[in-house]
Amino acid sequence: MPQNQFDGARAEKIAQQHLKKQGLNILDANFSSRMGEIDLIMKDMGTIVFVEVRYRKNSNFDSPLETITPDKQRKIRLTAQSYLAKHALQNADCRFDTVGLSGNLTTATIDWVKNAF
């Protein structure tokens with residue numbers, strides 16, 4: 001596995017652990033459809049939370065969260081619709097969160113944004 005893929009997988013695991021500590025429960029990870037992929041799907045009380053995780057070792061130019069473009073947001077929404085349909089959850093409450101990690105992953109700064117888009 002190339003280093004950037006390894007770092008991405010590790011960042012997703014760190015984000016998942018962080019969200020679990022905040023009371024969320026994991027439903028799925030790396031859910032893919034023809035539209036795209038969602039890093040984490042979690043449950044916060046009765047709400048399904050679709051989470052995009054971004055990691056930047058060096059955030060001098062953009063913060064990790066600034067890299068989630070409107071096109072990426074659209075793909076995440078369409079993938080979320082696919083997940084909801086697949087699991088017969090079309091009427092479920094849901095939201096889209098982001099978790100940005102920056103710096104060294106062993107001491108990363110974690111920025112969790114609820115209802116990010």
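The values are calculated or read from the model by the stated rules, or taken from the named source; none is laboratory data. None of these values were measured; they are calculated from a predicted model. Neighbour counts run over all protein chains shown; Cβ positions are idealised from the backbone, glycine included.
Worth a mention:
- Answer from Asp71, Asp62, Asp39 - the residue that is among the acidic types (Asp, Glu), modelled with pLDDT of 90 or more and surrounded by fewer than 16 Cβ atoms within 10 Å (Cβ to Cβ): Asp71
- Against the conditions (1) within 15 Å of the chain's Cα centre (by Cα); (2) modelled with pLDDT under 95; (3) not acidic (Asp, Glu), Val99 satisfies every one except (2).
- Some residue of the range 78-94 being closer than 16 Å to Leu24 by Cα and surrounded by 14 or more Cβ atoms within 10 Å (Cβ to Cβ): yes
- Scope the range 5-33; condition touching an Asp or Glu at 6+ places or on another chain (Cβ under 7 Å) and assigned to a helix (DSSP H, G or I); matching residues: Glu12
- For the range 102-113, the candidate set comprises residues that are more than 11 Å from the chain's Cα centre (by Cα) and not β-branched (Val, Ile, Thr); within that set, the residue that is modelled with the highest pLDDT is Asp111.
- Whenever a residue of the range 71-85 is closer than 14 Å to Asp39 by Cα, its partners that are of a type in the set (D, E, K, R) and surrounded by 17 or more Cβ atoms within 10 Å (Cβ to Cβ), lying with C-beta atoms within less than 8 angstrom and at least six residues away or across chains, give the pairs Lys72/Glu52; Ile76/Glu52.
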